[in-house]
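The values are calculated or read from the model by the stated rules, or taken from the named source; none is laboratory data. Computed from a predicted structure; not experimentally measured. When we count neighbours, we look across all protein chains shown, and the Cβ atoms used for this are built from the backbone with ideal geometry, even at glycine. Calculation scope for accessible area: heavy atoms of the full protein, side chains included, ligands and nucleic acids excluded. Shrake-Rupley method; radii C 1.70, N 1.55, O 1.52, S 1.80 Å.
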Amino acid sequence: MTDRSKAVVLWLLVGFSVVTLSAPTAVIIGASLTSGKIVTFPPDGLSLQWYAQILGAFDLRAAFLRSLYVATVCTLIALPCGTLAGIVFAKHRIRFRKGIQVYLLLPFTIPLIGSGVGLMLVFGAGGLLGSLWPVGLACCAINLPFMIWAVAGSANALDPDLEKAAANCGAPPVQTFLTVTLPAVMPGVITGALLMFILALNEFLVSLLLVDSRIVTLPVLIYNSIRSIITPDLAAISVVFVVVAAMVIAILDRLVGLDIFLKSK
Amino acid sequence: MGEAVTTSATRTDAVRNIAVSVRRVSMAYPAVLAVDDVSFELAKGSFLTILGPSGSGKTTLLQMIAGFQAPTSGEIVIAGQPVQSVPAYQRSIGMVFQRLALFPHLTVAENVAFPLRMRRFDARTIPGRVERYLDLVRLPGLGNRRIQQLSGGQQQRVAIARALVFEPDLLLLDEPLASLDRKLREEMQLEFRRIQRELSVTTINVTHDQREALIMSDEIIVMDRGRIQQMDRPQRTYRQPANRFVAGFIGLTAFLPVEVRSVREGVARLRIGGAELQGTVAGDDTLLPGGAAEAALRAEQVRVATTGAGLRNLDTVLEGRVEDVIFEGERIVYEVLVDGFNEHRVRAFDHDPALHAEYPIGAHVFVGWNVRDLLVFPA
């Protein structure tokens, strides 16, 4: 194949991917801008009325704040757990390493509905149903492997001599961890933390089983709404989600650079 | 130094100006004895190279001196103090690592300042000191660069500055030059030597590169299979190898299996195939008449000529045939099959090929050397 035809094929593939990946987002953005009363695409005239409406809707705002709270709790728990676990898996030959690794990755292999029912039973027995922070804990439990992988990826790329070098420079073990190991795996920590935040913010299935009507999170609220009638305000909410996710990715790019996703093994 | 615990042995060290004593140190892994009963002493300010093939135990020895591994037996004394209970971070040792292990999230100046901060130097003196050491390694004004922005040679210099900035009792070099290309490596060898002399810091360098060892060191320890084979000054290590291993590891050496006929005053009469030879008994090895031995002959001690007359000033002159010619630029290596030597070849350098005719493969030539250069070791 000539360079030219290779370039044409590549561009076609890229174009196709971009279109298929962004089509749902484009449709939802369009639908949210409609001036009509039902979800249609292309939109029936342009207006921001639905954004004004969701801004004014108390239940939506409260649900959104609850989702932020859940995501924050989840991230705060995942930060120490995932960081330490990721470093240990990457750098230390610990006993039962394989077993522990499998155990920690288990949430991935179990269908979310299974995890959800299990957590519901556990939290119910512990009398935790009805409060919001256990939902954050649950999100952390099911998504922790993402955090561990992100950190372990960074820690694996670490030169094993780096910690020896720190010791040689006079740093005791705790100082070595704080001043050398932790900063060196920071890209993985940031990536993992933002991932955990986004996943918890959007988490639906497990939350559905753990919340009641007083503490619904935003995805659950949306689900409840579409069971009756799909109105354009849901499209507007979806756009808010897209914007939050885009912001997180922008932050990630600023802090770490997105190329670590392409380079990670 | 804690006076109360100073033993008589360590007091002697201080008096005798010994920077490092390694005493009967061994390191046993489940499957292998990596370091086997190694002892040596190193005078303050000197540059020691531990030379050996991979798996010889040289790196393990260095790791034990640095404090990253504990010997299974034996004692290491640094600056008069036994260090077995001193963790790595409390030893006054600077180290340049094989892959340098610079801190990637810190700038050049922050890397060099790191040991000073960890060792609680007065914060006001740190910037000045960092600058002085960046000057020493000839990187003035690059303190604000990131490590990734530097070339390989510049990174080497940062690693040297970081290892030396706190004025350690001892500098360890763990093959830091191994990954550099040849030109840069040779430049850095001289640079290490310059800095080491300027600060007269006691240095232990580990390498498998014999040239580097000969160029840089005051003393060379040759190690093989966990044991010291020879500890000597470079010239003696090269000219008077203590055993067959050292003779083979350093320099381009041909070994000839010989039979000892007789030995008198350090000169052995030998037989190889149908030919008779004379050689010098190496070291204080004893050779028994009638026993088997090996004769080592360095390529640069052997001369090649088209006529025997050209080699008149040499003790031993034999005829042979050129089997192979290797052109290396500044020299040509000939492999010569000497008549009567069976399949055993002798190697010879020709350092000035421009002045001579180049002998083709198959050419009939004369080779010659002196009896003192044919070293005989027990087989």
Under 16 Å from a point 7 Å along the Cα-to-Cβ line of A:Gln49: which residues of the range A:14-34 have their amide N that close?
-> A:31-34
Given charges of +1 on the Cβ of Lys and Arg and -1 on the Cβ of Asp and Glu, with all other atoms neutral, how large is the dipole of the range B:242-367 about its Cα centre, in debye to the nearest 20?
-> 320
Treat every Asp and Glu Cβ in the range B:10-244 as -1 and every Lys and Arg Cβ as +1, leave all other atoms uncharged, and give the resulting dipole magnitude about the Cα centre to the nearest 20 debye.
-> 240
Which FRET efficiency, nearest 0.05, do A:Gln101 and A:Lys37 yield, Cβ-Cβ r, R0 45 Å?
-> 0.30
Among B:Met216, B:Pro71, B:Leu61, the residue whose Cα sits farthest towards the positive end of the charge dipole of the range B:58-216 (+1 at Cβ of Lys and Arg, -1 at Cβ of Asp and Glu, taken about the Cα centre) is B:Met216
Candidates per trypsin sites (Lys or Arg not before Pro) in the range A:72-101, loop by DSSP, up to 11 other Cβ within 10 Å = A:Arg93, A:Arg95
Using only the Cα atoms, what convex hull volume per residue in Å³ does the protein assembly as shown have?
-> 274
Give me the distance between the Cα centres of the range B:104-157 and the range A:184-262, rounded to whole Å.
-> 43
Calculate what fraction, in whole %, of the accessible area of the range A:102-151 sits on carbon and sulfur atoms when a 1.4 Å probe is rolled over the protein chains.
-> 81
Given labels modelled 7 Å from the Cα in the Cβ direction, how far is it in nm from B:His105 to B:Val86?
-> 3.0
Which one of B:Gly274, B:Thr49, B:Thr286 is farthest out on the positive end of the charge dipole of chain B, using unit charges on Cβ (Lys, Arg +1; Asp, Glu -1) and the Cα centre as origin?
-> B:Thr49
About its Cα centre, how strong a charge dipole does the range A:48-264 have in debye, to the nearest 20, once Lys and Arg get +1 and Asp and Glu get -1 at the Cβ?
-> 440
Hey, what number do you get for the protein assembly as shown at 222 nm if only DSSP H runs of n ≥ 4 count, each worth -39500 (n - 2.57), divided across all residues, to the nearest 500?
-> -14500 deg cm²/dmol
Taking square-rooted eigenvalues a ≥ b ≥ c of the alpha carbon gyration tensor, is chain A rounded, prolate or oblate, where a/c under 1.5 means rounded and, failing that, a/b exceeding b/c means prolate?
-> oblate
Shielding of A:155-161 by partner chains, average beta-carbon count, 10 Å | 3
Go ahead and set up a Gaussian network model of chain A, Cα springs under 10 Å, then flag whichever of A:Thr217, A:Thr34, A:Thr176 fluctuates most.
-> A:Thr176
Hey, how many Å between the Cα centroid of the range A:1-19 and the Cα centroid of the range A:24-88?
-> 34
Quick one: net charge around B:Ala113, please, counting Lys, Arg +1 and Asp, Glu -1 for every other residue with C-beta under 13 Å from its C-beta.
-> +4
Spin-label model distance (nm) - A:Ser131 vs B:Gln149, 7 Å beyond Cα toward Cβ = 5.0
When you take every Cα atom in the range B:10-244, what is the radius of gyration, and what is Dmax, the widest Cα pair distance, in Å?
-> 17.6, 56
FRET efficiency for A:Val243 and A:Leu112 from the Cβ-Cβ distance with R0 = 35 Å, rounded to 0.05, comes out at 0.90
Using a cut-off of 17 Å between alpha-carbon atoms, which aspartates and glutamates can reach A:Lys37, once sequence neighbours fewer than 8 places away in the same chain are excluded?
-> A:Asp233
Of the range B:63-93, those with amide N under 18 Å from the point 7 Å along the Cα→Cβ vector of A:Val174 are B:87-90
Stretch B:Arg261-B:Ala31 to full length: gain in nm at 0.36 nm per residue minus the Cα-Cα span?
-> 78.6 nm
Taking 7 Å along the Cα-to-C-beta vector as the label spot, tell me the A:Ser225-A:Val8 distance in nanometres, rounded to one decimal.
-> 4.7
In a Gaussian network model over chain A where Cα atoms closer than 10 Å are linked, find which of A:Asp159, A:Asp233, A:Asp44 has the largest mean-square fluctuation.
-> A:Asp159
Highest-fluctuation residue, A:Ala150, A:Ala52, A:Ala245 considered, GNM on chain A with Cα pairs under 10 Å | A:Ala52
In the range B:265-341, the GluC sites (Glu not before Pro) that sit in a DSSP loop and have at most 15 other Cβ atoms within 10 Å of their own Cβ are B:Glu265, B:Glu328, B:Glu330
Using a 1.4 angstrom probe, figure out how much accessible area the range B:10-244 has per residue, in square angstrom, rounded to the nearest whole.
-> 43
What does the average come to when, for each residue of peptide B:87-100, you count the partner chain Cβ atoms lying within 10 Å of its Cβ?
-> 4
In a Debye calculation with equal point scatterers on the alpha-carbon sites of the range B:155-298 and no solvent, what is log10 I(q)/I(0) at q = 0.08, 0.12, 0.19 Å⁻¹?
-> -0.33, -0.62, -1.10
Could you tell me which of B:Phe166, B:Asn243, A:Gly130 has its Cα farthest along the dipole of the protein assembly as shown towards the positive end, charges placed at Cβ (Lys, Arg +1; Asp, Glu -1), taken about the Cα centre?
-> A:Gly130
